[in-house]
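Down below is the structure, laid out as structure tokens.
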Amino acid sequence: MDASITLQDLAALVGGTLIKGEGGERINGLNSLQEAAAGEVTFLGNTRYLKALQDTKASAALVPPGFSEGAPDGLALIGVENPTLAFSSVIKFFGPKSRELNMGVHPAAVVAASAVFDRAKVFIGPCAVIGEGTVIGEGTVVHAGAFVGADVRIGTDCVLHANSIVKDYSVIGRRVVIHSGAAIGTDGFGYELIKGRHQKIEQVGIVQIDDDVEIGSCTTIDRARFGKTWIGEGTKIDNLVQVGHNVVIGKHCILCAQTGISGSTKLGDYVVMGGQVGVAGHLKIGSQVTFLAKSGVAKDYPDPGAYTGYPAKPLMEGRRMLAAPAKIPELLERVRELEKKVGELTKSGN
């Protein structure tokens, strides 16, 4: 799509102030600091990219209010409280427009006769499956090939992307987004060793996902053995995350890729887990706890704070632990030198 906008109008679009530049200059695209060309707008979302800002070929940049230090002379500046967030408005202006969907049920969809929804206010794509007794709220979109089992409850304005799975009895709130390949309500991983063989333990609970949750591609959320596995309001889950049976995740948590949470662990609100965090089962994690990437969580962490390492320790202690292995060669060399000196002293009889 061809589009352009003046700097003054761009400042109004993002709710900012034109700090430097001619208001009538036109901007015709957007790009990153490193790749932007003349006529394009970019943004400074993190001070670590100051050098990239100094070298950018962009014509304009969104920056924090009052910022000017380090910017090239010819670069127009628009001050905004949060450049990263404000740039979303720029993307919407210049980016491809969302595809308009005509609400209704595609002829190739498979919909149970007992499913309940308004066909004029829901989109069901080709080869999607909607099971018996399922209820779907207005404005919800079920893309091609998605599977929704029996007796599922889905709220208003949700999006189930292509080939996502929501299994029987799951409860989905409003404005929930489930990306392709995610599987909600799969059996929990429960077995007992009986006479040398692993015998499956039935999982008869459900998954409940509250309003405004987003679930990434190929993430799996297991149904509870009893009761429910529960994802709290506003929580955002990345791709390739495993949530075990009977896990409870609080409100507005962030779980990054390849994190795994074992069964019956409970997280408070505003918990953040970096990539590849591993969490043992039956633990209690308090609110406002952050685990850095690759942390190992093997005990309760009731107090707010940042933790890192394996096992996870308070941030500074954990960083010292992670740095310690790099010092081992030096320490070994010092030990060898000391042993050599002790040997020499022993031989000399001193």
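Every read-out reported here was derived from the displayed coordinates using simple, explicitly stated rules and does not represent laboratory data. All of these numbers come straight from a predicted model, not from anything done at the bench. Note: ideal-geometry Cβ built from the backbone for every residue, glycine included; neighbour counts use all protein chains shown.
Suppose we keep just the DSSP beta bridges with both residues in the range 140-267; what percent of those would be antiparallel, to 5?
Taking every DSSP beta bridge within the range 140-267, about 10 percent pair in antiparallel fashion.
Rank these for me by crowding, H198, H143, going from fewest to most other beta carbons within 10 Å.
By the 10 Å Cβ count, ascending: H198, H143.
Skipping prolines and chain starts, which residues have an amide H placed within reach, meaning under 5 Å, of the one on S164, given they are 5 or more residues away or on another chain?
Residues meeting the amide H criterion: A146, F147, G181.
Once the piece of chain linking K195 and V116 is laid out straight, how much longer is it, given 0.36 nm per residue of separation minus the C-alpha distance between them?
Full-extension gain reported as 23.8 nm.
Please rank L283, L101, fewest neighbouring Cβ atoms within 10 Å first, as an exposure proxy.
Going from least to most buried by this count: L101, L283.
Just subtract the alpha-carbon distance of E333 and S89 from 0.36 nm times their residue separation and send over the number in nm, one decimal.
Result for the pair: 82.1 nm of gain on full extension.
Answer with a single label: of [x] 25.5, 85; [y] 18.6, 54; [z] 27.1, 98, which was calculated as Rg and Dmax of the Cα atoms in Å from the structure in view?
[z]
So what are the ³J(HN,Hα) numbers for the range 84-91, from phi and the Karplus equation (6.51, -1.76, 1.60; θ = phi - 60°), rounded to whole Hz, Gly and Pro as x?
Values per residue, Gly and Pro as x: 4, 5, 5, 5, 4, 5, 5, 4 Hz.
Going by amide H atoms built from the backbone, whose H comes under 5 Å of the H on A61, apart from near neighbours?
Placed amide hydrogens put T42, A76, L77, I78 under 5 Å from A61.
Sorting E40, E69 on the 10 Å Cβ count, fewest up front, what's the list?
E69, E40
Taking the Cα centre of the range 78-163 as origin, sum charge times position over the Cβ atoms of Lys and Arg (+1) and Asp and Glu (-1), and report the length of that vector in debye to the nearest 20.
Approximately 240 debye in magnitude.
Most mobile of M321, M273, M103 per a Gaussian network model of the chain (Cα springs, under 10 Å)?
So, out of M321, M273, M103, the one fluctuating most is M321.
Once phi is turned into ³J(HN,Hα) by the Karplus curve 6.51 cos²θ - 1.76 cosθ + 1.60 with θ = phi - 60°, what whole-Hz value does each residue of the range 60-69 show in order, with x for glycine and proline?
Calculated HN-Hα couplings, in order: 8, 9, 7, 9, x, x, x, 6, 8, 4 Hz.
Between D55 and C127, 0.36 nm times their residue separation minus their Cα-Cα distance comes to what?
Between D55 and C127, full extension yields 20.9 nm more.
Go ahead and set up a Gaussian network model of the chain, Cα springs under 10 Å, then flag whichever of G45, G205, G188 fluctuates most.
Taking springs between Cα atoms under 10 Å, the residue moving most is G45.
Which whole-angstrom value gives the distance between the alpha carbon centres of the range 204-248 and the range 113-159?
Between the Cα centre of the range 204-248 and that of the range 113-159, the gap is 19 Å.
How far apart, in nm, are two points set 7 Å out from the Cα along the Cα-to-Cβ line at K236 and at L13?
In this crude label model, K236 to L13 measures out at 2.2 nm.
Rounded to the nearest 5, what % of the DSSP beta bridges within the chain are antiparallel ones?
Beta bridges within the chain, antiparallel portion: roughly 15 percent.
Given H placed 1.01 Å from N in the peptide plane, which residues other than close sequence neighbours of A293 have an amide H under 5 Å from its amide H?
Amide H to amide H, under 5 Å and 5 or more residues apart or across chains, A293 pairs with G274, G275.
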